[in-house]
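Comments concern the structure below.
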Amino acid sequence: MASSMSGMFPGQQPPAHPAPGPGAAAPLSAPGGSRAPGGGSGSGSGGGGGGGSSTTLVDDLEASFEACFASLVSQDYVNGTDQEEIRTGVDQCIQKFLDVARQTECFFLQKRLQLSVQKPEQVEKEDISELRNELQRKEILIQKHLTKIHHWQQVLEDINVQHKKPTELPQGPLAFLEQASANLPAPIKPN
């Protein structure tokens, strides 16, 4: 995840400190330099959050996500009989996850805003790239539809040709009546 996030904004300076261990993302500090509210949860999810260690929004997001699952599979909740207590605990975990997710989204929106102010040509390049991709996708879709249209036109032509071959229409003013009377069943003679 760290590699995908570090290349998200081209031209952005890499962090001055070394990247966190495997599975963690590049450091993202909460907007304004503060840590996400609600520090270490008492859900027993493991993971840091102890005295003075600096965590990132991604770390908080990951920890709150793990806490959501931990609260659902915790033995306390599985063996517990008070449904209201279980619901309250799960709701708190989910609310914390949603709060951290909003903060993470705000961080990326702020970075996007900074990028659009500092390098507006980069935003235009991304927009152009998205439009080209959309045009390409639509061209492929149009080609699929044209292929289907040609197929069904061929099917209709084949049906028309089959209907015209067996019934060669004779020419003349009474030809249609002769054709229609030929297709009528023979009259039944009474005994």
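Rule-based calculations on the coordinates, nothing more; no lab input. Note that the structure is a prediction, hence the values are computed from the model and not measured. Heads up, the Cβs are rebuilt from the backbone with ideal geometry, glycines too, and the neighbour counts pull from every protein chain shown.
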What shape does the stretch 82-146 have by the C-alpha gyration tensor, where a ≥ b ≥ c are the square roots of the eigenvalues, rounded means a/c under 1.5, and otherwise prolate means a/b greater than b/c and oblate the rest?
-> oblate
Here, Thr147 and Leu131, labelled 7 Å along Cα→Cβ, have an inter-label distance in nm of 2.9 nm
